[in-house]
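Take a look at the structure below.
The values are calculated or read from the model by the stated rules, or taken from the named source; none is laboratory data. Please read all numbers here as calculations on a predicted model, not as lab measurements. Here the Cβ positions follow ideal geometry from the backbone for every residue, glycine too, while neighbour counts run over all protein chains shown. Accessible surface areas use protein heavy atoms only, side chains included; no ligands, DNA or RNA. Shrake-Rupley method; radii C 1.70, N 1.55, O 1.52, S 1.80 Å.
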Amino acid sequence: MANDRPRVLSGIQPTSGSFHIGNYLGAVRQWVAMQETHDAFYMVVDLHALTLPQDPAQLRGNTRLAAAQLLATGLDPERCTLFVQSHVPEHTQLSWLMECLTGFGEASRMTQFKDKSSRQGADRTSVGLFTYPILQVADILLYQANRVPVGEDQRQHVELTRNLAERFNSRYGRTFTVPEPHILRETAKIFDLQDPAIKMSKSASSPKGIIDLLDDPKASAKKIKSAVTDTGTEIRFDPENKPGISNLLTIYGTLTDSAVADVEQKYEGKGYGALKTDLAEIVSEWAAPFRTRTQEYLDDPETLDSLLAKGAEKARAVAVETLAQAYDKVGLLPGKH
Ligand code: TYM
């Protein structure tokens, strides 16, 4: 039955310890929903994490932590294939073919690379950071994914994926599915609580600007209550003139499954303080069971590891086939089987 469904694939880096609410609302929430309607492949992209320096023990710990958090949000290994990127070696193998198909200038135009490399300077920027989006292309194409649920910041990488899939198909004959980004307008970009002009991000935001899902609820409540808002009093969704309040309304509406207009109405005539206090409560109520479940998975690393091993096996069955086709199409001689 799963095979009749469209494919979905996405990934998250294990770099940050706790996921933040932008990761959840922008991407992972959609992953959970889509496992009911799609043949779903989700992974922790540990190879991508290596594009910046990582402490080995911490990376190992964060990879398990990321998997535990994904399970705690509701991913079900019976309904989706959950795995760790480095457990499927075909990712780096297909990535090489894709690198050979990508123009240097084309890769140089990737805005995430430009941002990250300008922040750290050329000497500290690895070649891996430069080719990062091409590994992401391979991640997606290996599974013949139809849709890729991500936040707005990943749109350009999905666009590159589409371009390379089309280029490969036209050069060598139909091989790859050309994927569509799945980006929900409302939650595509959750903003920093302290600076609602920039997205909430582990690398660019100050700790006060981020709601970490594994944070102590009191700390999150404090951050929400001191979120930057404009000097007015009216609670209205107006991202241009009221970016801070609009961001809080988005988070509120999504976590409570209510339309932003209804939230506006509920707070008509009330001050920002009331909205912030209630939102702090909502976040805390959402996060408490999430934290408990995450800890339960972490407390049993053997089960977690064996679950990830099974996921990798399922993923690999698909990846091996796609890679073999791609190798054949470009003219690599078949090896011994
Ligand atoms: P990563 O690990 O930075 O982020 C994981 C997901 O969270 C989304 N996101 C946000 N969405 C809304 N508002 C925000 N403030 C916000 N911050 C982060 C991201 O858009 C992402 O969907 N390159 C990817 C990982 C990756 C991948 C893939 C994704 C590797 N291979 C293949 C899709 C398909 C990344 O670094 O995401």
Could you list, in sequence order, the residues of region 216-248 that are under 12 Å from Ile282 (Cα atoms) and among the aliphatic types (A, V, I, L, M)? Ala221, Ile224, Leu248
State yes or no: is Leu71 touching a residue at least 60 places away in the same chain (Cβ under 8 Å), away from the ligand (no atom under 12 Å from the Cβ), over 20 Å from Ala319 (Cβ atoms) and within 17 Å of the chain's Cα centre (by Cα)? yes
Criterion violated by Ala197 - all others in (1) touching a helix residue (DSSP H, G or I) at 6+ places or on another chain (Cβ under 6 Å); (2) among the small types (Gly, Ala, Ser); (3) not in a helix (DSSP H, G or I) satisfied: (1)
Going through region 155-183 one residue at a time, which ones are within 11 Å of the ligand (Cβ to nearest atom) and either modelled with pLDDT under 95 or surrounded by fewer than 16 Cβ atoms within 10 Å (Cβ to Cβ) (or both)? Arg155
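Does at least one position in region 131-154 carry a residue that is part of a helix (DSSP H, G or I), within 12 Å of the ligand (Cβ to nearest atom) and more than 25 Å from Gln35 (Cα to Cα)?
Within region 131-154 (the criterion being part of a helix (DSSP H, G or I), within 12 Å of the ligand (Cβ to nearest atom) and more than 25 Å from Gln35 (Cα to Cα)), the answer is yes, since at least one residue qualifies.
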Going through (1) part of a helix (DSSP H, G or I); (2) under 22 Å from Phe191 (Cα atoms) one by one, Gln265 fails only at (2)
Where the second residue is among the aromatic types (Phe, Trp, Tyr) and within 16 Å of the ligand (Cβ to nearest atom) and the first is in contact (Cβ under 8 Å) with a residue 40 or more places away in the chain and within 17 Å of Lys310 (Cα to Cα) and lies in region 41-58, which pairs have Cβ atoms under 7 Å and are six or more apart or on separate chains? Phe41/Tyr143; Tyr42/Trp31; Met43/Phe83
Being of a type in the set (Val, Ile, Thr) and either outside any loop (DSSP other than H, G, I, E, B) or within 17 Å of Tyr24 (Cα to Cα) (or both), is that true of even one residue in region 165-177? no
If you check every pair at least six apart or on different chains, which have Cβ atoms under 7 Å apart with a residue in region 17-30 that is closer than 11 Å to Ala66 by Cα and of a type in the set (S, T, N, Q) first and a residue that is more than 9 Å from the ligand (Cβ to nearest atom) and not in a helix (DSSP H, G or I) second? Ser18/Asp212; Ser18/Leu213; Ser18/Leu214; Ser18/Asp215
Residue in region 190-210 that is within 13 Å of the ligand (Cβ to nearest atom), among the polar types (S, T, N, Q) and in contact with a strand residue (DSSP E or B) (Cβ under 9 Å, 6 or more places away or on another chain) present: yes
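Can you tell me which residues in region 136-149 are open to solvent by 10 Å² or more (accessible area, probe 1.4 Å) and under 15 Å from the mean Cα position of the chain (by Cα)?
The answer is Gln136, Arg147.
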Consider only pairs whose beta carbons are under 7 Å apart and that are at least six residues apart or on different chains; among these, list those whose first residue lies in region 280-307 and is open to solvent by 40 Å² or more (accessible area, probe 1.4 Å) and whose second residue is small (Gly, Ala, Ser) and in a helix (DSSP H, G or I). Arg293/Ala72; Tyr297/Ala68; Tyr297/Ala72; Leu298/Ala68
Which listed residue is open to solvent by 10 Å² or more (accessible area, probe 1.4 Å) and within 14 Å of the ligand (Cβ to nearest atom), from Gly17, Gly105: Gly17
